[in-house]
Amino acid sequence: MEKVYIETYGCQMNFADSEVVAAVLREAGYGVAEGLEDADYVLINTCAIRDNAEQRVRHRVRELRALQNRRQGLRIGILGCMAERLQQRLMTEEDNVSFVCGPDVYRRLPALLGEVADGRKAAEVELSTTETYADIEPVRLASNGISAYISIMRGCQNYCTYCVVPYTRGRERSRDPQTIVGEARTLFERGYREVTLLGQNVNSYSFAGAAGTVGFPELMDMVAKVDPRLRVRFATSHPKDLSDSLLEVMASHPNICRCIHLPVQSGSNRMLKAMNRKYTVEWYLDRVEAIRRYMPDCSITTDVIAGFCGETEEDHQATLDLFRRVRYDYAYMFKYSEREGTYAQRHMPDDIADAEKTRRLNEIIALQGEIALENNRQEVGREYEVLVEGESHRSKERLFGRNSQNKVVVFDRADAQPGTYRRVRVDDCTAATLLGRLV
Ligand code: 5AD
Ligand code: SF4
């Protein structure tokens, strides 16, 4: 039996897609290798969101050349967003790559592997307006048996001016809700206790079926009802359509986690307009206030970009101000990276020097570090229900899990079992972790 080894880079959606890829290939008679050693094909699922993500993959591909020299017949394929963005060009530039396969055509992977088996090259990069892989039961790769991703929609058509995703992942399309609920139920029956519903923009989820149209709030309600012991998370929401009806549904189900990832990108209205984000700072703050009104204990996290085209010191200060006002529990913080084909690349000069982008980014990182630590200090003395995930990376004597707010909690081992809920009292913290003991 020939075997494939899958390596995944990038967002949660890529990790979910790799599990679909494993299912497609297993169904076609391939084995999924545990490591590179016994693989006939290495599939690298890639991210194109920033240049450094692409450079990491290119570095990896070049590194694998040594292994290919020792093992004739080992083929490398590139999946995901880089495959879609660069297509054939990628196989010319990295000549040890045998095939590329875009995110909407993973069903064609068995045929692709067959084609390249004798040394030929092949590319499949068509985008689809309908593919959701709804009928494919993912093979859970590197799973802890407790939490799993469920992909609920694909694509994005918001066209934020900096972003390559609409070009690499195509039009928005939503998956049949019955198949989503079915997948959640199967996972629960197998002992899973947490699912994360994934989409580039989950709150534009909309599926028109025989029983009418199901939107994201209705879908959340359906999944939350699978079992009160199944935690439900979701990512990512766009602030422009974070509705009160979603917040109402969340508030009415204790098993929907108190955590919303709400990428802001910038704290300046001028930048938000240039980015085509379709909301203002005032709108965003109103949504934050609504979240806290419905769920006072909800954590809020974000994404932010430093040094976008034309960003002035004043715009940058506005971002810092916004961070001080919202007080995020966590933030993914990036330097702007110009991407070929986007509106910004075609029409807006990338005019902030790299050193200046770095300075601004570092200021945001430093501020956010302080805020996260202060937020965590407020948690000392509180009690949380923690879903136990496993041994702490630092010590076998301690376990870790997460609370509903998605904060990592480390605590004494005692008799707690992974996959169960335990109450933990927080008695110390760092900026990234809560430390506590079982009650
Ligand atoms: N440069 C830097 N960051 C980007 N993101 C998306 N495109 C770019 C880019 N060109 C960030 C946004 C988005 C997150 C997934 O990646 O913050 O929310
Ligand atoms: Fe990119 Fe904007 Fe779509 Fe997010 S919403 S994937 S940032 S275009």
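Values in this text are rule-based calculations from the coordinates and carry no lab data. All figures in this text were calculated on a predicted structure; none of them were measured in a lab. We place every Cβ from the backbone using ideal geometry, glycine too, and count neighbours over all the protein chains shown.
Tabulated results
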read-out: Cα Rg over Rh - the stretch 341-402, Kirkwood; value: 1.26
read-out: Zone of R65's modelled label, taken as backbone nitrogen in the stretch 112-143 under 12 Å from a point 7 Å along Cα→Cβ; value: none
read-out: Volume per residue that the Cα convex hull of the stretch 177-250 spans, once the total is divided by residue count, Å³; value: 86 Å³
read-out: Relative pair counts by distance (%), Cα atoms of the stretch 333-439, 5 Å bins; value: 2, 12, 18, 15, 11, 8, 8, 8, 8, 7, 3, 1
read-out: Directionally averaged shadow of the stretch 30-108, computed from the convex hull of its alpha-carbon atoms, nm²; value: 5.4 nm²
read-out: Contact order normalised by residue count of the chain, Cα under 8 Å, 6+ apart, percent; value: 10 percent
read-out: Helix-only [θ]222 nm of the chain, DSSP H runs n ≥ 4, -39500 (n - 2.57) each, per residue, nearest 500; value: -11000 deg cm²/dmol
read-out: H261 long-range amide H proximity, modeled H, under 5 Å; value: S237, T301
read-out: The stretch 394-399 - phi-based ³J(HN,Hα) in whole Hz, Karplus 6.51/-1.76/1.60, Gly and Pro as x; value: 7, 8, 5, 7, 10, 10
read-out: Label-point separation, A366 to R423 (7 Å along Cα→Cβ), nm; value: 4.3 nm
read-out: Residue exposure sequence - E93, E84 - by fewest surrounding Cβ within 10 Å; value: E93, E84
read-out: Extended-chain gain in nm, criterion 0.36 nm per residue less alpha-carbon gap, V181 and R292; value: 37.2 nm
read-out: Descending Cα extents along the principal axes, the stretch 130-264, whole Å; value: 42, 33, 33
read-out: Ranked list, fewest to most other Cβ atoms within 10 Å of each Cβ, for C81, C160; value: C160, C81
read-out: Long-range HN-HN contacts of K335 with modeled amide H, under 5 Å; value: A306
read-out: Built amide H within the under 5 Å cut-off of T161, gap 5+; value: N276
read-out: Potential extension, E115-R325 segment - 0.36 nm per residue separation minus Cα distance; value: 70.0 nm
read-out: Bins of 10 Å, starting at 0 and running to the largest distance - Cα pair percent for the stretch 90-132; value: 28, 50, 20, 2
read-out: log₁₀ of I(q)/I(0) at q = 0.06, 0.09 Å⁻¹ - the chain, Debye sum with one point per alpha carbon; value: -0.27, -0.62
read-out: Convex hull projection area averaged over all views, the stretch 234-304, Cα basis, nm²; value: 4.3 nm²
read-out: Length-normalised contact order of the stretch 45-133 in % [C-alpha pairs under 8 Å, at least 6 apart]; value: 26 percent
read-out: P(r), alpha carbons of the stretch 212-257 - 10 Å bins starting at zero, rounded %; value: 27, 58, 15, 0
read-out: Calculated P(r) tail over 14 Å for the stretch 94-179, as whole % of Cα pairs; value: 72 percent
read-out: Under the Debye formula (equal points on every Cα, no solvent term), log10 I(q)/I(0) of the stretch 277-329 at q = 0.14, 0.18, 0.20, 0.31 Å⁻¹; value: -0.42, -0.66, -0.80, -1.38
read-out: Computed over the stretch 261-408: relative contact order in percent, which uses C-alpha pairs under 8 Å that are six or more apart; value: 22 percent
read-out: S98, S299 arranged by Cβ crowding within 10 Å, fewest neighbours leading; value: S299, S98
read-out: Percent of alpha-carbon pairs separated by more than 12 Å within the stretch 389-428; value: 54 percent
read-out: Debye-sum result for the stretch 191-312 in log10 I(q)/I(0), which assumes one identical scatterer on each alpha carbon, at q = 0.10, 0.19 Å⁻¹; value: -0.34, -1.05
